[in-house]
Structures are given as structure tokens and as C-alpha cells.
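> Sharing a structure, written as C-alpha cells. Questions coming.
The values are calculated or read from the model by the stated rules, or taken from the named source; none is laboratory data. Predicted model, so just to flag it, every value in this text is computed and none were measured. Note that we place each Cβ from the backbone using ideal geometry, even for glycine, and neighbour counts take in every protein chain shown. To get the accessible areas, we keep the full protein, side chains included, count just its heavy atoms, and leave off ligands, DNA and RNA. Shrake-Rupley method; radii C 1.70, N 1.55, O 1.52, S 1.80 Å.
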Amino acid sequence: MLVRRSIARSFSTSSATRLYIQNNLNNDQTHPSLQTNPGAKVYDFRSDTVTAPTDEMFEIMKAASRGDDVFQEDRSVKELEEYVANLCGHEAALFCASGTMTNQLGLRTHLSNPPHSVVCDARSHVFLWEAGGIAFHSRASVSPVICRNGIHVTAEEIEGNLIEADIHTAPTRVVSLENTLSGLVMPIDEIRKISELARSRGLAMHLDGARLWNAHMQSGVPMHEYGAQFDSMSLCLSKGVGAPVGSILVGNHGFIDRARHLRKLFGGGWRQVGPLAAVAKHCIEHVVPTMPETHKLAKYLADQLTSLGVQLQVPVHTNMVLIDTTSVGLDVQKDLIPTLLSKNIVIGGQRNKSRIVLHHQVDRKGVDTLIEGVREAIATHQANEPSEPPAQQQAIASAY
């Protein structure tokens with residue numbers, strides 16, 4: 001069973017370097033000819049969405065119910081929805097195919113009468129990585145907030161970006177937060193302040209909680225305590241949770257009934273998905289409790305990489321290590337990715353930035369192999385650095 005912890009932990013809020021938007025999908029990450037041992041295990045650090053279903057998961061799926069979810073007749077789906085709703089302190093839930101779908105359904109259900117707008121962190125998935133869904137589905141504009149501390153937005157920053165109702169404006173109707181964001185845990189005290197602000201203004205609160213499971217396990221804040229701050233939450237089941245497919249939206253009964261209708265409109269109704277629901281519930285109960293070990297492994301990786309001279313873009317709170325290789329002179333695509341692929345290690349990134357993501361199918365051996373690959377790439381780069389030209393060497397010598 002999922003552990004509900006009561007002891008909150010503090011996290012670093014030291015100023016971080018600016019994060020650059022990076023595309024981890026469209027880079028050349030295959031190079032199969034560079035893999036020295038195609039039969040050996042490949043460790044994929046591009047995302048926590050890359051986990052593969054296990055034989056045990058297939059056995060669970062085989063034993064699941066096989067009813068029709070569009071008719072709301074599947075037992076396994078109902079069990080998952082009730083389980084997650086109760087866990088989060090909400091009345092109901094809706095099982096869907098993806099996190100983008102549950103985010104966009106949640107926002108669209110709140111946004112019914114344009115003109116209107118959503119305020120969110122400028123780095124938010126709902127703003128950057130959902131194909132402009134807020135504009136397309138909800139006919140809403142977005143007010144992106146740049147957080148000054150480099151870690152999370154504050155209530156003051158949200159308040160400063162609220163748009164009041166006026167004949168010239170698209171007034172703010174929804175505050176959308178994300179936790180975790182780039183692996184960073186948003187403090188529950190700040191979330192409470194923002195929630196109190198939003199509700200005092202009659203605004204809806206939505207959470208992109210794709211990795212809220214990581215925040216819950218690292219901070220010790222119970223899922224229902226997070227749930228109390230939001231009118232709707234989108235929780236991914238195929239990222240750190242490790243299920244093959246799916247995401248789930250929670251809210252009150254009326255909200256979920258409306259979201260279910262909109263899911264059909266979106267073309268998102270699905271039929272015999274009991275097997276996917278059953279394995280998702282299994283992963284919540286058995287994979288989520290292992291997240292603290294994954295977080296420790298990420299911190300170990302970060303410590304080892306910084307000892308080699310690699311810099312971090314942000315502190316490491318959970319399962320993500322965002323690196324900047326400028327200080328060691330490595331180009332991620334030209335220098336690092338090929339070296340790591342030769343060791344059956346897959347990462348993404350471009351230029352001097354990379355987001356390294358750990359999950360329950362990454363172990364210490366994989367992390368140590370990644371570290372060794374980075375060490376090797378740095379050594380190769382240093383060995384190939386051109387020496388000082390003779391004229392420059394002479395000039396330096398004559399200065400003494």
C-alpha cells in the first residue's frame with residue numbers, strides 16, 4: 001500500500017541558472033552501430049515514460065476485468081478511479097490515455113465561457129508541451145509567470161499576473177500549477193498560499209501532477225493534503241509510476257461527469273481497458289513506494305557528475321538531474337551521446353544541456369556506467385584540446 005507520511009521536508013530554494021527549453025525527442029539518439037553489445041541491457045535515461053511492462057504486469061492484466069468503460073461497466077477501471085479519488089481526497093476520477101488528455105480535459109472543464117485565461121509557470125507542460133491545447137480546446141490565452149527564484153512560482157508572482165475582468169481583457173479563470181516541475185518539489189506552504197489567493201478571487205485551481213507521486217514520496221506530504229488545495233488534479237500513471245499507459249483526472253462528481261462527456265467529444269472514450277487500469281493500480285501500490293531509492297540514486301548521480309566538473313541547472317529534489325556541460329567543454333550531441341551509446345546508455349539533450357531522468361528500472365550499475373561514460377568523454381575532450389600556439393606560448397613566457 002502507498003505510504004502516507006506526515007513529516008514534511010525542506011528543499012533547496014537557492015537561485016538556479018536559467019533553464020533553456022530543450023527538445024529531448026528530436027535528437028539523433030539511436031546510433032545502433034555504436035552499441036558495443038546489442039544483447040546487453042540498455043539503460044534509457046531520456047524520460048521516466050520509457051519503462052517497459054514486466055512479465056508480472058502482463059499476468060495482472062490477464063486477470064483483469066474486460067468490460068466496456070464507455071458504458072462505465074468495467075470493474076477494474078472503477079476500482080482504479082475510486083482508489084485514486086479516495087487517495088487524493090476527491091469524490092471521483094476519470095481514467096484516460098495520457099497526461100496531456102487529463103490536463104486538457106481538466107482545464108477545458110473549468111473553462112466554459114470565453115474570453116478567459118490561465119495563469120501558470122512559464123516552464124509548465126500545459127503551456128509548452130501540449131501542442132497549444134489550451135488555446136485549441138479551451139479558446140483561452142495563457143499568462144506565463146517567470147519565477148524569480150528559479151525553483152517555483154510564488155503567490156506574489158501569481159497575484160501579479162492575474163488579469164482582472166475588463167472589456168479589453170481575457171480574465172484569469174484558472175490557476176494551473178505543476179508539481180514536480182523539472183524534478184523540483186513545490187513546497188506545500190506555497191501551494192496553500194496560492195490556493196487561498198485563487199479561491200478568494202473565485203478562481204479554479206488545477207494541478208498538473210504528472211509526477212506528484214514523486215513529490216509525495218520525497219516531501220512526506222500526503223496525497224490528500226495536496227488534493228485539498230486543488231479543484232482538479234491530473235496524475236500520470238506511465239511516468240514514475242511505471243504503468244504501460246494512462247493518466248487519471250480527479251475532481252468532484254459534477255466535474256468528472258462533465259470531463260467524461262468532454263473525453264467522448266475529444267475522441268478519448270475507450271472500451272475494454274480494464275487490464276490497463278488493473279496494472280496501473282498495481283504500480284501505484286508497488287512501484288511508488290520505491291521512489292525514495294530512485295531519488296537517492298539521482299542525488300548520487302548528481303554528486304558524481306558535479307565532482308567531474310559538470311554543472312547542475314537546478315538542484316536535485318527527486319528523479320531528475322538537469323546538467324550543463326559547458327564547464328567541461330562537452331557538446332551533448334557530438335561528444336556525450338555517442339560515448340554513452342557505446343556503453344548502452346541512452347540520454348537526450350542538445351548543445352550543452354541534458355535532462356537525465358531516473359526511474360524504477362534504472363539501477364546502480366546503470367548509473368555507474370553513465371558516470372564512467374561522462375568521465376571518458378571528458379578525458380577524450382581534454383586529450384584532443386589543441387595546445388597553445390608557439391607564438392602564444394612565447395608571449396606568455398615573456399610576460400614573466
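> Restricting to segment 176-252, what percent of DSSP beta bridges are antiparallel, rounded to 5? Before the final figure, lay out each step's value.
Working: 5 of 11 bridges.
Close to 45 percent.
> Right, another one. With a 1.4 Å probe and every protein chain left in place, tell me how much accessible area SER112 has, in Å² to the nearest 10.
So the heavy atoms of SER112 present about 90 Å² to solvent.
> Say the dipole of the chain comes from +1 at the beta carbon of Lys and Arg and -1 at that of Asp and Glu; which of CYS88, HIS317, GLY240 then lies farthest toward its positive end?
Working it through, the farthest residue towards the positive pole turns out to be CYS88.
> From Cα pairs below 8 angstrom and at least 6 apart in sequence, can you work out the relative contact order of segment 79-170, rounded to a whole percent?
Values: 99 pairs, mean separation 21.9, N = 92.
Across segment 79-170, relative contact order equals 24 percent.
> Relative contact order of segment 238-343: what whole-number percent is it, with Cα pairs under 8 angstrom and at least 6 residues apart?
Dividing the mean separation by the residue count of segment 238-343 yields 20 percent.
> Also: Can you figure out the FRET efficiency of PHE71 with LEU265, using R₀ = 22 Å and their beta-carbon distance, to the nearest 0.05?
Numbers: r = 17 Å, r/R0 = 0.77.
It comes out at approximately 0.85.
> Further question: Show which aspartates and glutamates lie in cross-link reach of LYS62 when reach means a straight Cα distance below 15 angstrom and same-chain residues fewer than eight apart are skipped.
ASP74
> If R0 is 25 Å, what FRET efficiency do you get for ARG351 and CYS147 from their C-beta distance, rounded to 0.05? Provide the component values of the computation, followed by the final result.
Working: r = 23 Å, r/R0 = 0.93.
Taking R0 as 25 Å, the efficiency between ARG351 and CYS147 is 0.60.
> If I stretch the segment between GLU164 and GLU59 completely, what's the gain in nm (0.36 nm per residue apart, minus their alpha carbon distance), one decimal? Write down the numbers at each step before the final one.
Values: separation 105, 0.36 × 105 = 37.80 nm, distance 5.36 nm.
Result for the pair: 32.4 nm of gain on full extension.
> Rounded to two decimal places and with Rh computed the Kirkwood way over Cα pairs, what is Rg over Rh for segment 222-273? Spell out each step's value before the answer.
Working: Rg = 12.6 Å, Rh = 12.5 Å.
Rg/Rh for segment 222-273 comes to 1.01.
> Here is a follow-up. From the phi angles alone, apply the Karplus equation (6.51, -1.76, 1.60; θ = phi - 60°) to segment 118-131 and give each ³J(HN,Hα) in whole Hz, x where the residue is Gly or Pro.
10, 9, 7, 4, 4, 8, 5, 4, 5, 8, 9, 10, 10, 6
> Averaged per residue, what accessible surface does segment 132-190 expose to a 1.4 Å probe, in Å²? Each step should come with its number before you reach the end.
Numbers: 2590 Å² over 59 residues.
Heavy-atom SASA per residue in segment 132-190 reads 44 Å².
> Let me ask another. May I ask you to list the lysines whose Cα is less than 18 Å away from that of LYS41, ignoring any residue fewer than eight positions away on the same chain?
By straight Cα distance, LYS41 reaches LYS343, LYS365.
> Leaving ligands, DNA and RNA out of it, work out the accessible area of SER307 with a 1.4 Å probe and give it in Å² to the nearest 10.
Looks like 90 Å² after rounding.
> For LEU308 paired with ALA135, estimate the spin-label separation in nm (one decimal), with each label point 7 Å from Cα along the Cα-to-Cβ line.
In this crude spin-label approximation the distance works out to 4.0 nm.
> For labels at GLU285 and THR369 in the simple 7 Å Cα→Cβ model, what's the distance in nm?
Label-label distance for GLU285 and THR369, simple model: 3.2 nm.
> Considering Cα pairs under 8 angstrom that are at least six residues apart, work out the relative contact order of the chain and quote it in whole percent. Write down the numbers at each step before the final one.
Details: 791 pairs, mean separation 101.7, N = 400.
It rounds to 25 percent for the chain.
> Quick check: from the Cα gyration tensor, does segment 92-167 come out rounded (a/c under 1.5), prolate or oblate? Before the final figure, lay out each step's value.
Values: a/c = 1.97, a/b = 1.27, b/c = 1.56.
Oblate is the answer for segment 92-167, as a/c is 1.5 or above yet b/c matches or exceeds a/b.
> Take every DSSP beta bridge with both residues inside the chain and express the antiparallel ones as a percent of the total, to the nearest 5.
Here the share of antiparallel DSSP bridges comes out near 50 percent.
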